[in-house]
1. Taking the full set of protein chains and a 1.4 angstrom probe, give the accessible area of B:Ser84 in square angstrom, rounded to the nearest 10.
2. Non-local amide H neighbours of B:Gln17 (under 5 Å, H modeled in plane, Pro and chain starts lacking H): which ones?
3. Which whole number in µm²/s is D for chain A by Stokes-Einstein, with the Kirkwood Rh taken over Cα pairs at 20 °C and 1.002 mPa s?
4. What whole-number volume per residue, in cubic angstrom, does the convex hull of the C-alpha atoms of segment A:61-111 give?
5. How many percent of the accessible area of chain B is carbon or sulfur, using a 1.4 Å probe?
6. Segment B:41-70: which residues show an accessible-area loss of 50 Å² or more, assembly versus chain alone, 1.4 Å probe?
7. Using θ = phi - 60° and the Karplus curve 6.51 cos²θ - 1.76 cosθ + 1.60, what whole-Hz ³J(HN,Hα) does each residue of segment B:65-81 get, with Gly and Pro shown as x?
8. Summing +1 for each Lys or Arg and -1 for each Asp or Glu, what net charge is found among the other residues whose Cβ lies under 11 Å from the Cβ of B:Gln103?
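The values are calculated or read from the model by the stated rules, or taken from the named source; none is laboratory data. Just so we're clear, the structure is a prediction, and the values are computed from it rather than from any experiment. Methodologically, a virtual Cβ is constructed for each residue, glycine included, from the backbone with ideal geometry; neighbour enumeration extends over all protein chains shown. Just the protein is used for accessible areas: all its heavy atoms, side chains included, with ligands, DNA and RNA removed. Shrake-Rupley method; radii C 1.70, N 1.55, O 1.52, S 1.80 Å.
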Amino acid sequence: GENVEQHPSTLSVQEGDSAVIKCTYSDSASNYFPWYKQELGKRPQLIIDIRSNVGEKKDQRIAVTLNKTAKHFSLHITETQPEDSAVYFCAASNQGGKLIFGQGTELSVKP
Amino acid sequence: NAGVTQTPKFQVLKTGQSMTLQCAQDMNHNSMYWYRQDPGMGLRLIYYSASEGTTDKGEVPNGYNVSRLNKREFSLRLESAAPSQTSVYFCASSEYSLAKNIQYFGAGTRLSVL
């Protein structure tokens, strides 16, 4: 079955810096890759997603890149702000619909 | 429009007790899911239901059972709770298609098994 590895587990940046979180997946049939943000004590919420026929997608300060050959994808956050502090999860899904999540990255943005 | 509603929010059980976690969605989604969240391990899929009348095992199904009661409701049952089942449980739903699988999560149930 699918396995998703996520790095780093914790990330601390200064406000205004960029943050990058990386994930690798094992199942070449996976074709949908969402990213979820979970604030402390809250539920996970989708922030951006990408399909396997697209190499990059951007939404304001957030971007995701996908390398199908290497089976890895990354989340990029530019101009970080304190409200970006949260746990971020990557996930992978094939046509069966199940999402397999990475272990999560705790991002801390210091003012 | 409440989205995904889970009950209860908190629960404390003794080892061996049973309980059912309830989940309901009002978005007319076909697919529903149960996850558990433990520190450092992300969200792990317990069971899912692709459509009314079907259920399938996820990554960690042992010790759990599920029922897709109707299109709106998907319950998770612990028949004989164990301390290893102490966790935060999330229910989610989605309108799965080949193009998208955006999952909407409930607020979670924090379960402690003593």
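1. For B:Ser84, solvent-accessible area is about 90 Å².
2. Amide H to amide H, under 5 Å and 5 or more residues apart or across chains, B:Gln17 pairs with B:Ala81.
3. Details: Rh = 13.9 Å.
For these conditions, the coefficient is 154 µm²/s.
4. Numbers: hull volume 4.9 nm³, N = 51.
So the per-residue hull volume is 97 Å³.
5. Numbers: 2740 of 5280 Å².
Within chain B, the accessible surface is 52 percent carbon and sulfur.
6. Those residues are B:Leu43.
7. The phi angles translate into 9, 9, 9, 9, 5, 6, 5, 7, 10, 9, 10, 10, 10, 9, 6, 9, 5 Hz.
8. Details: positive: A:Arg43, A:Lys98, B:Lys100; negative: A:Asp49, B:Glu95.
It works out to a net charge of +1.
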